[in-house]
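Engineer: Quick one: the structure is below, and I'll ask about it shortly.
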Amino acid sequence: CINGDLFTAEDVKDVFDALGSIPHAVMLGRGAVSNPQLFAQVRALIAGEVIPPTDKERIYRFYLALCEDARTRLSGERHTLFRMKELFAYWIVLFADAESHRRRLRKAGTLAEFQAAAESLFAECALYPDAGFIGNAKMNG
């Protein structure tokens, strides 16, 4: 099993190339949290297909589903708020020109404030053209 610092399909490809084969298992922890489409992108890579780009609409629908699930499973709005803040700490690097939105998300004191900030982020910020294709450290550095 390969584990560690795999944030993109390209990272996984580099591991495959270094090994000379496809390993039995690959762990995609923080990489999968950072890019919810990473599994589909790695499947395409393994199948020899074109790697699908990260899609803002799919991420948005995924966010809505996660938020709703968290609200039904976690006890209280505050727990949901903190889970969503954790998630967006990873996702914010996918968005271009999102610094003011990052601050609004981080400072939100209620779930309603957070949801308004998230809606604004999705409406106003584009994904980086290569979002999900370069790792977090590369995007921030």
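The values are calculated or read from the model by the stated rules, or taken from the named source; none is laboratory data. Everything numeric in this text was worked out from a predicted model, so none of it was measured. Using ideal geometry, Cβ is built from the backbone for each residue, glycine included, and neighbour counts are taken over all protein chains shown. Ligands, DNA and RNA are stripped out before the accessible areas are found, and what is left, the full protein with its side chains, is counted by its heavy atoms. Shrake-Rupley method; radii C 1.70, N 1.55, O 1.52, S 1.80 Å.
Engineer: Can you pull the percent of region 1-116's accessible area that's carbon plus sulfur, 1.4 Å probe, other chains left in place?
Structural biologist: On the way: 3620 of 6750 Å².
The C+S portion of the solvent-accessible surface of region 1-116 is 54 percent.
Engineer: Here's another thing I want to ask about it. Straight distance only, please: which aspartates and glutamates reach the Cα of Lys56 with their own Cα at less than 14 Å, same-chain residues fewer than 8 apart left out?
Structural biologist: Glu119, Glu124, Asp130
Engineer: Here is a further query. For region 67-131, with the dipole built from +1 on Lys and Arg beta-carbon atoms and -1 on Asp and Glu ones, taken about the Cα centre, which of Tyr90, Phe122, Thr72 lies farthest toward the positive end?
Structural biologist: In region 67-131, that residue is Thr72.
Engineer: Helix-only mean residue ellipticity at 222 nm, the chain, DSSP H runs n ≥ 4 weighted -39,500 (n - 2.57), per residue, nearest 500. What is it?
Structural biologist: Values: 8 runs with 88 residues, N = 141.
Here the helix-only value at 222 nm equals -19000 deg cm²/dmol.
Engineer: Same structure, new question: Trypsin sites (Lys or Arg not before Pro), restricted to region 8-104: which are DSSP loop and have at most 11 other Cβ atoms within 10 Å? Could you put the intermediate results ahead of the total?
Structural biologist: Numbers: sites: Lys13, Arg30, Arg43, Lys56, Arg58, Arg61, Arg71, Arg73, Arg78, Arg83, Lys85, Arg102, Arg103, Arg104; in loops: none.
In loop regions of region 8-104 (DSSP not H, G, I, E or B), there are no sparsely surrounded trypsin sites (Lys or Arg not before Pro).
Engineer: In percent, how large is the relative contact order of region 1-63, given Cα pairs closer than 8 Å and 6 or more residues apart? List each step's numbers first, then the result.
Structural biologist: Details: 59 pairs, mean separation 20.7, N = 63.
Taking the mean separation of contacting Cα pairs over the length of region 1-63, I get 33 percent.
Engineer: What is the magnitude of the charge dipole of region 1-85 about its Cα centre, with +1 placed on the Cβ of each Lys and Arg, -1 on the Cβ of each Asp and Glu, and no other charges, expressed in debye to the nearest 20? Walk me through the numbers on the way to the answer.
Structural biologist: Numbers: 11 positive and 11 negative charges, 104 e Å.
That gives region 1-85 a dipole magnitude of about 500 debye.
Engineer: With an 8 Å cut-off on Cα pairs and a minimum separation of 6 or more residues, tell me the relative contact order of the chain in percent.
Structural biologist: Result for the chain is 28 percent.
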